[in-house]
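Notes for the one structure printed next.
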Amino acid sequence: MADETVLAAPLPVAPVRADVVVVGLGASGLEAIVLLAEAGLDVVGLDANGIAGGAAGANGGFLLAGLPDFHHEAVGRHGRPAANSWWHRTVEELDRLEADEPSFQRVGSLRIGADEDEERDCLIHLAQMKRDGIDALAYDGPEGRGLLVPGDGMFHPGQRCRGLATRAVAAGARLHAPAPVRAVDTGRTLVDGPAGDPREIRSRVTLVAVDGGLEHVVPEVAGTVRTARLQMLATAPLPPPTVPRPVYRRFGLDWFQQRRTGEVLLGGGRDVGGDEEWDAPAEPSRAVQAHLDRLLADLGLDWAAVTHRWAARAAFTTTRLPIDAQPRAGVHVVGGYSGHGNVIGSLLARQAARRILASS
């Protein structure tokens, strides 16, 4: 795999112009860059941190169909036609990712009840999926009781982003980091240069494809988007299959999986941190990490060595629907995935890129 410092270079001193500027070098932004650059447009990609420098490279690697809400909740909130439309669109995106991403493992996903109340909710969840013709099964296994969604899976998010960045550069895209974006407007993107000096990049179109901190980059969405800190830990490699597929429990507030290389990734506990998790820096906190240690013990893995602890920032919307908007002429925005961006983000970024191509 190519060196990230070669893939994403500092901004040049000379003025920068492009057909399209894409803000965000996570999977969503890179998906769009690849599509646009391979179609022949001159594309510049920018990121404050680097390739997969935010939540795109620091998440659990779940690949799940549907909206952030469980399917029966999505039906109640958005109506059956909308919830089912989102389900089928994301399944199609999962199919595309399976064909395109070597690290994809279509092992299914589990939702497990942490107590009797949640087990009852799992039954309601399963019944709604069956009514809507969605493949799901009742589950009773080592992890507990709940439901299995066979079509879901997992992947290595950092590996995915590096692969996309390599394709983008091969197609002629110019990727720059660190390049924090100050403001986005029609025809221009204002960026902090290497010495903190403001640089203006001119382009016909700008696509903002960041998730965490989206409300600070695009003020128009501030009323519907709020950024939360999500925390995780990883163990040293353990003999598989300790956790053979991604697992949600505690109504999705906790999650875990095991990579094919043996490391168990475990995250959640945002509710434990309370209001301190909103708009917080991407740094682990003592309270939430202690909760994750307890979860590790609940799994019978308190003997496993914890090798990494980290945090990332992700945007949540008040509607629980993602943002796909054009707040100004020549400015497209995708984000606000409410912790569910690996599939939805890819889907919406490619959709925005296709709109840009259609108007070129």
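Please list the three semi-axes, largest first and in whole Å, of the ellipsoid equivalent to the range 20-119, using sqrt of 5 times the eigenvalues of its alpha carbon gyration tensor.
Each semi-axis is √(5λ); the values are 31, 17, 14 Å.
Measure off, as a whole percent, the carbon and sulfur share of the 1.4 Å-probe accessible area of the chain, all protein chains present. It would help to have the intermediate numbers written out before the result.
Numbers: 7870 of 14720 Å².
Ligands and nucleic acids excluded, carbon and sulfur give 53 percent.
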Exercise. With θ set to phi - 60°, apply the Karplus curve 6.51 cos²θ - 1.76 cosθ + 1.60 along the range 213-226 and write out the HN-Hα couplings as whole Hz, x wherever there is a Gly or Pro.
Key: x, 4, 5, 7, 7, 10, x, 4, 9, 4, x, 10, 10, 9
Quiz prompt | Cβ-defined net charge surrounding ILE112, 12 Å radius [Lys, Arg +1; Asp, Glu -1] | solution = -3
Quiz item: Using all Cα-Cα distances in the range 169-277, what percent lands in each 5 angstrom bin from 0 up to the longest?
Solution: 2, 9, 13, 13, 13, 11, 13, 13, 9, 3, 1
Quiz item: How many percent of Cα pairs in the range 254-360 exceed 18 Å?
Solution: 61 percent
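Report the chymotrypsin sites (Phe, Trp or Tyr not before Pro) located in the range 286-323 that are in a DSSP loop and have at most 16 other Cβ atoms inside 10 Å of their Cβ, or state none.
Values: sites: TRP303, TRP310, PHE316; in loops: TRP303.
Those that pass, being in a loop and sparsely packed, are TRP303.
Per residue and in cubic angstrom, what volume does the convex hull of the Cα atoms of the range 101-229 have?
Working: hull volume 26.8 nm³, N = 129.
Enclosed volume per residue, from the Cα hull, is 208 Å³.
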Quiz item: Once you put a point 7 Å from the Cα of HIS88 and another 7 Å from the Cα of ASP115, both along the Cβ direction, what distance in nm separates them?
Solution: 3.9 nm
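How large is Rg over Rh for the chain, taking Rg from the Cα atoms and Rh as the Kirkwood inverse mean of 1/r across Cα pairs?
Working: Rg = 20.1 Å, Rh = 20.8 Å.
My calculation puts Rg/Rh at 0.97.
What number, in percent, do you get for the relative contact order of the chain if the mean sequence gap of Cα pairs under 8 Å and at least 6 apart is divided by its residue count? Walk me through the numbers before you get to the answer.
Values: 834 pairs, mean separation 83.4, N = 360.
Relative contact order here is 23 percent.
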Quiz item: Using modelled backbone amide H atoms (1.01 Å from N, in-plane), which distant-in-sequence or interchain residues come within less than 5 Å of GLY45's amide H?
Solution: VAL22, ARG174, LEU175, HIS176
Quiz item: Between VAL208 and residues 5 or more places away or on another chain, which pairs have amide H atoms under 5 Å apart, with H built 1.01 Å from N, and which residues are they?
Solution: VAL23, HIS332, VAL333, VAL334
Practice problem: Arrange the peptides 54-65, 336-347, 184-195 so that the one whose residues have, on average, the most other Cβ atoms within 10 Å appears first. | Solution: 336-347, 54-65, 184-195
Quiz prompt | Positive-pole candidate from GLY40, SER85, ALA55, dipole of the range 36-126, charges at beta carbon | solution = SER85
Exercise. Give me the distance between the Cα centres of the range 1-68 and the range 198-232, rounded to whole Å.
Key: 14 Å
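The values are calculated or read from the model by the stated rules, or taken from the named source; none is laboratory data. Just so it is clear, the structure is predicted and the values come from calculations on it, not from any experiment. Because the Cβ atoms are built from the backbone with ideal geometry, glycine has one as well, and the counts that use them run over all protein chains shown. Note: areas computed on protein heavy atoms with side chains; ligands, DNA, RNA excluded. Shrake-Rupley method; radii C 1.70, N 1.55, O 1.52, S 1.80 Å.
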